[in-house]
Amino acid sequence: MSFNRLEADDFVVSAQAQTATCWTTNSPTLTQFYTQSNQVNGNSGRYYVTVFDQNPTGSAAAAQFEIAYGNENGGGALAYNQTAAPGVSPATTIYGQYRTLVLEDENSGFVFGGVSGSSIYVLSIERAAYKESLFPGSMNLILSGSIGTGDNTLYLTDNSGMVTVPTYYGTMRAYQVVSGSDGKSYNSGSGGNGYTTDSGSYGLFLPDIGTIILNGNALDLNSVEGLNLGTTTTTNTNGNNPLKLLGTIQSGSSFKLNSEETITSDYIFVRARNSEFNYSENPSYLSGSTGEVIYNYFINNPQSYITTVGLYNDGNELLATAKLSRPLLKNFTKEALIRVKLDF
């Protein structure tokens, strides 16, 4: 065993972004959406609805995302105690939770493309579905609903392909949800930016927390810009609003979303020069009693094989090992450059 101190120029750090689908089906587009009756009708159903990729009665079904409804005034949900705290309901809890999480200010309100909104739908992607963040530009959500006697379909995406720098809430990135696809808007609404004319954008895309917040006012528009979703905003009323949004997602049958992860790799270049690492401490090489080279031939012409590279600290503690794919012959006439890659 031989040791050699590594120098600063022996280290190189590289970072690469990798993308993958968010869905457990390994398909980039989720086309089927199911709920579980026990969850919807249970206590947690007052706050959110869990959406599965298959009928949850089967063992292969997996949760993909949750839908929650929030209202600044508490409308659309039964109050906890209408007498003691009028208007305070699961809807206010959801609104306050995401206001604190995103805006970091309990006195602020959500603003969608310059227009305030007190009614929100929250799509929270399962944490296990993405390793680091959602991939901006990959969101393509189709919502299909009815207006009067006709049908209307919204194609929603984030506007990451249209802005150079995203909006930041603290250190959290935010993009506007607009009418369009693949990170760019269609030429609709005001100014061709994919917004509605009077209600601002369709929501916020928050890749760093795996969350999409949709603007309830925009979805409720009774025009080609909205779905006439019929959100219930009356206080102390169970409006089943998450199921209303789920119905439009089921009708659209297409939710495309990818995740993004930055893999940081530390490359360490281990150099074995011609005069180094030529002798071995293997018992077949040295005499156990005298420590002499058993075969005189190896004194001036040693032959050794490099099989493992170990990384040690100054306390001579082994931190990491790298195994070569095959033994590497080393002698006075050969030099080796071994690249060790550490991913973290």
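The values are calculated or read from the model by the stated rules, or taken from the named source; none is laboratory data. Everything quoted here is computed from the prediction, not taken from an experiment. So basically every Cβ, Gly included, is an ideal-geometry build from the backbone, and we count neighbours across all protein chains shown. Side chains included, ligands, DNA and RNA excluded: accessible areas come from the protein's heavy atoms. Shrake-Rupley method; radii C 1.70, N 1.55, O 1.52, S 1.80 Å.
A few remarks follow.
- Using a probe of 1.4 Å, the accessible surface attributed to VAL111 totals some 60 Å² when neighbouring protein chains are kept in position.
- Among THR24, LEU123, GLY252 - extreme Cα towards positive end, dipole of the chain, charges at beta-carbon: THR24
- Look at the alpha carbon pairs under 8 Å that are at least 6 residues apart: their mean separation over the length of the chain gives a relative contact order of 19 percent.
- Global geometry of the range 1-96, whether rounded, prolate or oblate, following the gyration tensor of its Cα atoms and the 1.5 cut on a/c: prolate
- Cα shape, the range 61-131, gyration tensor, a/c 1.5 rule: oblate
- Anisotropy class of the chain from Cα gyration tensor, a/c 1.5 cut: prolate
- In the range 97-180, the GluC sites (Glu not before Pro) that fall in loop regions by DSSP, at most 16 other Cβ within 10 Å: GLU104, GLU106, GLU132
- Inter-label distance for ILE299 and TYR285, nm, one decimal - labels placed 7 Å from Cα along Cα-to-Cβ: 1.8
- Given R0 = 41 Å, the distance between the Cβ atoms of THR83 and GLN18 translates into a calculated FRET efficiency of 0.15.
- Accessible surface ranking for ARG99, ARG46, ARG271, ARG326, 1.4 angstrom probe, highest first: ARG326, ARG46, ARG271, ARG99.
- The range 289-339: chymotrypsin sites (Phe, Trp or Tyr not before Pro) in DSSP coil with no more than 15 other Cβ atoms inside 10 Å: TYR295, PHE332
- Which of THR234, SER14, ALA322, positive extreme of dipole for the chain (C-beta unit charges): ALA322
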